[in-house]
Amino acid sequence: MAAARGVLDRGEPIRGPSAIGGDLRRTATLTIVIARTDFKLRFFGSVLGYVWQLMRPLMLFGVLYFVFTQLIHVANLPFYGVALLLGIVLFTFFSEATGGAVTCVMGRENLVRKIQFPRMVIPMSVVLTACFNLALNLVVVFIFASISGLTPRWTWLALLPLVLLLVAFASGLAMMLSALYVRYRDIQPIWEVFLQALFYGSLIIVPFETVVQQGHTQIAHILLADPLAAIVQEARNLVVGSAYVAAPRAIGGAGWLLVPIAIIVGTCVVGWRVFNREAPRIAEEL
């Protein structure tokens, strides 16, 4: 009691709840610790363990590859299987990071009610856990690419900045969705429907080249305004090669890439502002 009175006598402010709590290093450390714990607990007690994390995108890939190459024949492109698997893996990360972030604050109510706990840790730990899964799944993509006959190339290393852009995009949305869900519970079903639409509208299954071959060039350019579609397109070019057009040329010129980049930056800024504004009041809204 005396210590608390001393603090007040010196005029030092008592920090209330906030997004990062004023200590970036502590926030980063807590994010890593919680993400690692969640990643380990997800497979606790499972016989196959981390293998299950690899099975989900592989099973979806197997079904889609069979349907769209043996039954429907939507794509007549070299190494379509590698391109499809890569797109599914990138979308799976995006879906896990954003979909899991919607209810994450509600699920961590015990931490949110601690006045000094930085609220930003909660959605960022969800994104970081999804990053761990993405790293595992990308290893599978590279192994499958090698088995399919692709020679490893230096351009594969250029995937790193693309992944960082995707992580930034997912982080901005994670902050926004997790904060808004506390007030508006309709966010979850709306986002689930949006993710389903995004999966089919981001050139994951039907590549950009196929859309152009079918005479829908304008539609293909418009779809590439979606940051996820632009990232997937560029990733396919880096991993598979020139059979898949590089994103700057596909979208109609390097200048047009400013559109998806601006969306990513705008999403991060808006997401941060929304979460920072809502963070002090989250406990009251729960």
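The values are calculated or read from the model by the stated rules, or taken from the named source; none is laboratory data. Predicted model, so just to flag it, every value in this text is computed and none were measured. Glycine gets a Cβ as well: all are built from the backbone with ideal geometry, and neighbour counts include every protein chain shown. Protein only, heavy atoms only, side chains kept; ligands, DNA and RNA dropped before computing areas. Shrake-Rupley method; radii C 1.70, N 1.55, O 1.52, S 1.80 Å.
Descriptive notes on the structure:
- Residue within the range 241-248 that is modelled with pLDDT of 90 or more, in contact with a Phe, Trp or Tyr (Cβ under 9 Å, 6 or more places away or on another chain), within 30 Å of Ser148 (Cβ to Cβ) and not in a helix (DSSP H, G or I) present: yes
- Looking only at the range 218-233, and only at residues there that are part of a helix (DSSP H, G or I) and out of contact with any Phe, Trp or Tyr (no Cβ under 9 Å at 6 or more places or on another chain), the one that is farthest from Phe169 (Cα to Cα): Gln218
- The range 164-217, subset of a type in the set (S, T, N, Q) and in a helix (DSSP H, G or I), residue most open to solvent (accessible area, probe 1.4 Å): Gln213
- Verdict on Gly62 being modelled with pLDDT under 60 and open to solvent by less than 70 Å² (accessible area, probe 1.4 Å): no
- Residue in the range 143-152 that is nearest to Cys268 (Cα to Cα), counting only those that are in contact (Cβ under 8 Å) with a residue 24 or more places away in the chain and open to solvent by 30 Å² or more (accessible area, probe 1.4 Å): Phe144
- The residues of the range 249-276 that are modelled with pLDDT under 95 and among the polar types (S, T, N, Q) amount to a single one, Asn276.
- Any chance Ile205 is of a type in the set (A, V, I, L, M, F, W, C) and out of contact with any Leu (no Cβ under 8 Å at 6 or more places or on another chain): no
- Of everything in the range 90-128 that is closer than 15 Å to Leu165 by Cα and among the aromatic types (Phe, Trp, Tyr), the residue that is nearest to the chain's Cα centre (by Cα) is Phe94.
- Of all the listed residues (Asn137, Asn110), the sole one being modelled with pLDDT under 90 and under 18 Å from Leu228 (Cα atoms) is Asn137.
- Candidates Ile72, Ile34, Ile20, Ile14, filtered to the one that is of a type in the set (A, V, I, L, M), modelled with pLDDT of 80 or more and either more than 22 Å from Ala235 (Cβ to Cβ) or open to solvent by 60 Å² or more (accessible area, probe 1.4 Å) (or both): Ile34
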